[in-house]
Amino acid sequence: MEEYRAAGYFILEDVFDEASVAHMRQTWEEISDRRRGQRKSPHASLLMIHNTNPAIVGIVRNRTLVGCVEGFLGGKVKLIQSQLMHAGPGSGGFSPRQDNYYNRADPRDGIIAAWIAVDDVDQSNGALSVIAGSHLNGLAKTRRDWLYLLSRSPDIAKSLLRLALPKRGKQENDTGVIERFTYAEVPKDSMPIAAVMKAGSVLFMHGDTIHFSGPNHTNDRLRRSLLTNFVRTGTAFAKGRLSARVSFDVYAQ
Ligand SMILES: O=C(O)CCC(=O)C(=O)O
């Protein structure tokens, strides 16, 4: 806890055992195979995937994971967001960001991200990097990359449609415009730390910690992961337009 409080992140190994990791990989493969069959991008990142996929519900309700989150947050917790990623060879990574820029948790330390590695992760396949201690300074200045947004215009059109149309059943939310639109200013003298992780490990991160991910430079390695965000019960958070966050019970069987 002391390390988490000082650095704003902490990595725990073996939160998920080999069998759980194998099951996760199978789930990721089923999702990409199905999307390929539907002529959709097989490796799109999928927001709020626990709303549509029972196997993901099993992961976010995993007793060890939830127990760790309770320990870090100091009380009962709820899930408010999930995002499944494949980050295939050649994919670009995510810009520097703080989760509280989007989630606006109140109190600010009532939120935590648990980033679950489904594959071994290192700098060559797009590890997450963190700026240790950056959570101690609150929200950083941000800039927006409007050119990037323009380059993603089909995604924007999809997002606008999603907002405008009434819900048509449970659909996967694969609108990826948040990947590199907003940039949190990284303090000048800071040294990003690449989180080299074994599959089954989880990186826990404070909502104000600045983090980003690198490109996947490999030809043949996916960097599959599940990003989950939990709040301590009673913590307020922003619903968000694209994510449509609603608290999700992680204790139900
Ligand atoms: O997994 C990644 O590439 C970065 C995702 C992330 O940490 C975020 O969106 O906050």
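The values are calculated or read from the model by the stated rules, or taken from the named source; none is laboratory data. The structure displayed is predicted, hence computed values, not measured ones. For neighbour counting, all protein chains shown are included, and Cβ atoms are generated from backbone atoms with ideal geometry for every residue, glycine included.
I'm trying to understand the selection: among the residues of region 93-110, which are within 15 Å of the chain's Cα centre (by Cα) and on the phi < 0 side of the Ramachandran plot?
First, the residues of region 93-110 that are within 15 Å of the chain's Cα centre (by Cα): 93-103.
If the condition is that a residue be within 15 Å of the chain's Cα centre (by Cα) and on the phi < 0 side of the Ramachandran plot, then PHE94, SER95, PRO96, ARG97, GLN98, ASP99, ASN100, TYR101, TYR102, ASN103 are the ones that fit.
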With criteria (1) within 28 Å of GLY58 (Cβ to Cβ); (2) surrounded by fewer than 17 Cβ atoms within 10 Å (Cβ to Cβ); (3) in contact with a helix residue (DSSP H, G or I) (Cβ under 7 Å, 6 or more places away or on another chain), ILE112 comes up short on (2)
Expected output for region 95-110 (first residue under 16 Å from GLY133 (Cβ atoms), partner among the charged types (D, E, K, R) and assigned to a helix (DSSP H, G or I), Cβ below 7 Å, 6+ apart or cross-chain) is ASN100/ARG108
Exactly one of LEU147, LEU139 is at pLDDT 85 or above and of a type in the set (A, V, I, L, M), and that one is LEU139
Flagged in region 41-72 as at pLDDT below 95 and of a type in the set (Gly, Ala, Ser), in numbering order, are SER41, ALA44, SER45
Sole miss for LEU222 among (1) out of contact with any Gly (no Cβ under 6 Å at 6 or more places or on another chain); (2) of a type outside the set (Asp, Glu); (3) modelled with pLDDT of 95 or more is condition (1)
Going through (1) crowded, with 19+ Cβ neighbours inside 10 Å; (2) out of contact with any helix residue (DSSP H, G or I) (no Cβ under 7 Å at 6 or more places or on another chain); (3) assigned to a loop (DSSP other than H, G, I, E, B) one by one, VAL15 fails only at (2)
Scanning region 215-228 residue by residue, those out of contact with any helix residue (DSSP H, G or I) (no Cβ under 6 Å at 6 or more places or on another chain) and either of a type outside the set (A, V, I, L, M, F, W, C) or on the phi > 0 side of the Ramachandran plot (or both) turn out to be PRO215, ASN219, ASP220, SER225
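Within region 4-19, how many residues are within 11 Å of GLY133 (Cβ to Cβ) and not hydroxyl-bearing (Ser, Thr, Tyr)?
Residues of region 4-19 within 11 Å of GLY133 (Cβ to Cβ): 5-9.
Remaining after also requiring not hydroxyl-bearing (Ser, Thr, Tyr): 5-8.
Residues in region 4-19 being within 11 Å of GLY133 (Cβ to Cβ) and not hydroxyl-bearing (Ser, Thr, Tyr): 4 in total.
Across region 41-61, what is the total count of residues that are over 17 Å from GLN26 (Cα atoms) and not small (Gly, Ala, Ser)?
The initial filter retains those residues of region 41-61 that are over 17 Å from GLN26 (Cα atoms), namely 41, 47-48, 51, 61.
When the remaining residues are screened for being not small (Gly, Ala, Ser), the result is 47-48, 51, 61.
Looking only at that region, the number is 4.
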- Query: Any chance region 164-184 includes a residue that's surrounded by fewer than 18 Cβ atoms within 10 Å (Cβ to Cβ), away from the ligand (no atom under 13 Å from the Cβ), at pLDDT below 75 and part of a helix (DSSP H, G or I)?
  - Reply: yes
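Going by what's in this entry, would HIS50 be described as touching a Leu at 6+ places or on another chain (Cβ under 8 Å) and either crowded, with 19+ Cβ neighbours inside 10 Å or over 16 Å from SER82 (Cβ atoms) (or both)?
Details: touching a Leu at 6+ places or on another chain (Cβ under 8 Å): yes; either crowded, with 19+ Cβ neighbours inside 10 Å or over 16 Å from SER82 (Cβ atoms) (or both): yes.
Answer is yes for this residue.
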The condition from (1) within 13 Å of the chain's Cα centre (by Cα); (2) small (Gly, Ala, Ser); (3) at negative phi that ALA7 misses is numbered (1)
| Taking the condition under 16 Å from ARG97 (Cα atoms), in contact (Cβ under 8 Å) with a residue 40 or more places away in the chain and surrounded by 18 or more Cβ atoms within 10 Å (Cβ to Cβ), does ARG221 pass? | no
